[in-house]
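As structure tokens, the structure follows; a few thoughts come after it.
Bear in mind that the values in this text are calculations on the coordinates, not laboratory data. All figures in this text were calculated on a predicted structure; none of them were measured in a lab. In this analysis, Cβ positions are derived from the backbone assuming ideal geometry, glycine residues included, and neighbour counts consider all displayed protein chains.
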Amino acid sequence: MENRRRGNGAMNTHSGWWRSWPVPLTVAVLSACCGTGSGAPTRDAWPMFRGGPGLEGVAPGRLEAALALRWSVKTQGPVKSSAAIANGQVFIGSGDSHVHALSLKDGTRRWTFKTGDAVDSAPLVLGGRVYAGSNDGVLYALDDATGALQWKYPTGDKIVGGPNWVRSPDGRATWILVGSYDFKLHCVDAATGKSNWVYESSNYINGTPAVADGKSVFGGCDAMLHVVSLADGRSVRQIAGGAYIGGSAALAGGRAYFGQMENEFLCVDLAQGTNAWTYRDRNFPYVSSPALTPDRVLFGGRDKRLHCVGRADGRPHWTFTTRGQVDSSPVVCGDKVVVGSGDGRLYLVSLAQGKELWSFEIGEAIESSPAVAGNTVVIGSDDGGVYAFGPAAVPPR
């Protein structure tokens, strides 16, 4: 059990001891200058966890109603990391303590980079570099073409959430944001790896900090939603969340959407600092991070189901049942939703009705979340594999 810092509220999103932990929660929210540009998803790129800085989990383009396995590559450890896709390459971490770069076309290995511990964090690809955190507590910046180390930034404990990015207030620099189990949100310069500021919460930070509309949101174990200025790292507001947050929040329209460990999924109004709505169904936690469409929110639950609710009011539209807990975070692409399950299957589900369209049995649990680019879905599995799926029939060129 991880409890190397203060208190007894330790939390590891990849082990099961805390699944019924009864203590309340915290999330963190930041006020910032937010950049736009190459860090957002396109038809051919998925450059970071959940696709873009707002962590909305929506991919441009469309997916076929049936997919086929295009390639698979085995690593030497479980793949809980989620992939980033850019420039025809797939970047993903593994429990074998490496960041792997693979060809999106056929899975050919381009390079690997060894860290000091498992890489469960999802990489960020931006400006010719790959930024990835490791359980060794270090944020690494690597050349995306060669894997050569550009710099490394040590935190005080392991990094399990993915990095995000913003523009500096003067617009002249790019800043990388990452949370750590040292209780801190770190803001470092993308070019040099030097610290701009550090904001300290009161417990572990698990997820990727989301960024949108001048704000960012991160969740953790201290049961508060922290609003922090990204310009200087100062606290602006704290909002009670109700229980530990195991996943990442998504931001859109001035609201934050997230699940927590006391069996609730919440929507919080950031300007008012109030709860807009709460969804509660069965007594199972929500670790999956949500996907947001203009009118719906989709997220997995440890009740073995994928949930779809109204974005305005949290009222249920449908649920889709799998055979294992759904910690994987769904991605919406056109009229379809793709998500992994602890039952070892990857599912393709209709957005309108929640009906299964297709599934593929990998066999081992899937905690990784899908990355979608170029009509291809890439996902990792606890069996150590990285899998790529594309259209079942490729039309002739």
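Observations
- Residues whose amide H lies under 5 Å from that of Gln238, counting only those 5 or more places away or on a different chain, are Val227; hydrogens are built 1.01 Å from N in the peptide plane.
- In order along the range 242-254, the Karplus-derived 3J(HN,Hα) couplings, from 6.51 cos²θ - 1.76 cosθ + 1.60 at θ = phi - 60°, round to x, 5, 4, 10, x, x, 9, 8, 10, 10, 6, x, x Hz, and Gly and Pro are given as x.
- In terms of other Cβ atoms within 10 Å, Glu64, Glu361 run from fewest to most in the order Glu361, Glu64.
- Placed amide H near Ser368: partners under 5 Å, 5+ positions off or other chain: Gly380
- Between Asp44 and Lys194, the FRET efficiency from the beta-carbon distance, with R0 = 30 Å, is close to 0.40.
- Kirkwood hydrodynamic radius over Cα pairs of the range 258-344, then Stokes diffusion coefficient at 25 °C and 0.890 mPa s, in µm²/s: 190 µm²/s
- Per residue, the Cα convex hull of the range 26-391 amounts to 103 Å³.
- Diffusion constant of the range 99-164 at 4 °C, which comes from Stokes-Einstein with the Kirkwood Cα-pair radius and 1.567 mPa s, µm²/s: 109 µm²/s
- Whole-number percent relative contact order across the chain, with pairs defined as alpha carbons under 8 Å at least 6 apart: 18 percent
- Under 5 Å, built H, 5+ apart or other chain: amide partners of Thr115: His98, Val99
- Scattering from the range 143-237 was approximated by placing one identical point on each alpha carbon and applying the Debye formula without solvent; log10 I(q)/I(0) at 0.24 1/Å stands at -1.35.
- Considering the range 288-397 at the alpha-carbon level, its Rg and Dmax are found to be 13.6, 46 Å.
- The packing ranking of peptides 50-57, 290-297, highest mean first, is 50-57, 290-297, where packing means the average number of other beta carbon atoms within 10 angstrom of each residue.
- Inter-part distance where the range 128-156 and the range 322-358 are each reduced to a Cα centre, Å: 31 Å
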